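A quick write-up on the structure given underneath.
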Amino acid sequence: MYAHTTQIRVRYGETDRMGYLYYGNYAQYYEVGRVEAMRNIGLSYKGLEDSGILMPVVELQSTFVKPAHYDDLLTVTTTITEMPKVKMYFEYEIVNEAGDTINYGKTTLFFLDAVRRKPCRAPAELTEKLAPFFI
């Protein structure tokens, strides 16, 4: 298992009329977590795309526990739960400054050959970089 944390501050434009972080923004926070987790092991989404591998999201689950508010500093922990094959599974926990879990979720992505538009196996570069975390 591989986990990475990153922090995001809630911006005013991300809140709704009640002053809460708008529910649709949690998926974007998951994306920030995924991108930074990949970057932390030495890969980038852009690099994968440039090499001909796309990673569309095919499933998203989100559970809302407590609201986040404007200017809250949130910690997003992104966990890769198993070695990717054709699909890649991510889990997320978002915690506020008080240490309270405010949201948790999951996404499933799959690897898509950008030219053939067909599913493909996870790139070797990715599995090699993740291998030490799945011993």
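The values are calculated or read from the model by the stated rules, or taken from the named source; none is laboratory data. Small disclaimer: the values here were computed from a predicted structure and weren't measured. As a convention, Cβ positions derive from the backbone with ideal geometry for all residues, glycine included, and neighbour counts pool all protein chains shown. For the accessible areas, the whole protein counts, side chains as well, though only heavy atoms, and no ligand, DNA or RNA atoms are used. Shrake-Rupley method; radii C 1.70, N 1.55, O 1.52, S 1.80 Å.
Annotations
- Restricting the calculation to Cα atoms, every distinct pair contributes to the Kirkwood radius of the range 39-98, found to be 14.2 Å.
- Separation of alpha-carbon centers, the range 4-59 and the range 71-135, rounded to whole Å: 10 Å
- Exposure check, 1.4 Å probe, all protein chains in place: Leu54 carries approximately 40 Å² of accessible surface.
- Degrees, to the nearest 10: 25-40 long Cα axis against longest axis of the chain: 50 degrees
- Thr107 - accessible surface, heavy atoms, 1.4 Å probe, Å² rounded to 10: 0 Å²
- Residue-averaged [θ]222 nm for the chain, counting only DSSP H segments that reach four residues, each worth -39500 (n - 2.57): -6000 deg cm²/dmol
- Residue separation of Val32 and Leu73 scaled by 0.36 nm, minus their Cα-Cα distance, works out to 13.3 nm of gained length.
- Trypsin sites (Lys or Arg not before Pro) restricted to DSSP loop in the range 61-135 with at most 15 other C-beta within 10 Å: Lys85, Arg116, Arg117, Arg121
- Applying a DSSP loop filter and a limit of 16 other Cβ atoms within 10 Å to the GluC sites (Glu not before Pro) in the range 84-118 leaves Glu97.
- Rg [Å, one decimal], Dmax [Å, integer] - the range 4-57, C-alpha atoms: 13.9, 43
- Shape category assigned to the range 80-135 from the gyration tensor of Cα positions, a/c cut at 1.5: oblate
- Residue-wise HN-Hα couplings along the range 9-21, as the Karplus relation 6.51 cos²θ - 1.76 cosθ + 1.60 with θ = phi - 60° gives them from phi, are 9, 5, 8, 3, x, 9, 9, 9, 4, 7, x, 8, 4 Hz; Gly and Pro carry x.
- Taking 0.36 nm per residue of sequence separation and removing the Cα-Cα distance, the Asp100/Glu82 pair yields an extension gain of 3.9 nm.
- Extended-chain gain in nm, criterion 0.36 nm per residue less alpha-carbon gap, Arg11 and Asp113: 33.2 nm
- Across the range 38-135, the mean sequence separation of Cα contacts (distance under 8 Å, 6 or more residues apart), normalised by length, yields a relative contact order of 32 percent.
- For the chain, the residue among Leu112, Tyr20, Thr101 whose Cα projects farthest onto the positive side of the dipole built from Cβ charges is Leu112.
- Heavy-atom accessible area order for Val58, Val86, Val95, largest first, 1.4 Å probe: Val58, Val86, Val95
- Structure-derived log10 I(q)/I(0) by the Debye sum over Cα atoms at q = 0.09, 0.10, 0.16 Å⁻¹: which label, when the choices are (i) -0.28, -0.35, -0.82; (ii) -0.23, -0.29, -0.76; (iii) -0.19, -0.24, -0.66: (i)
- Scalar couplings 3J(HN,Hα) for the range 48-59, obtained by applying the Karplus form with A = 6.51, B = -1.76, C = 1.60 to θ = phi - 60°, are 5, 5, 5, 8, x, 10, 9, 9, x, 7, 10, 8 Hz; x denotes Gly and Pro.
- The charge dipole of the chain, taken about its Cα centre with unit charges on the Cβ of Lys, Arg, Asp and Glu (plus for the first two, minus for the last two), comes to roughly 500 debye.
- Given a 1.4 Å probe and the protein chains as shown, Asp16 ends up with an accessible area of around 50 Å².
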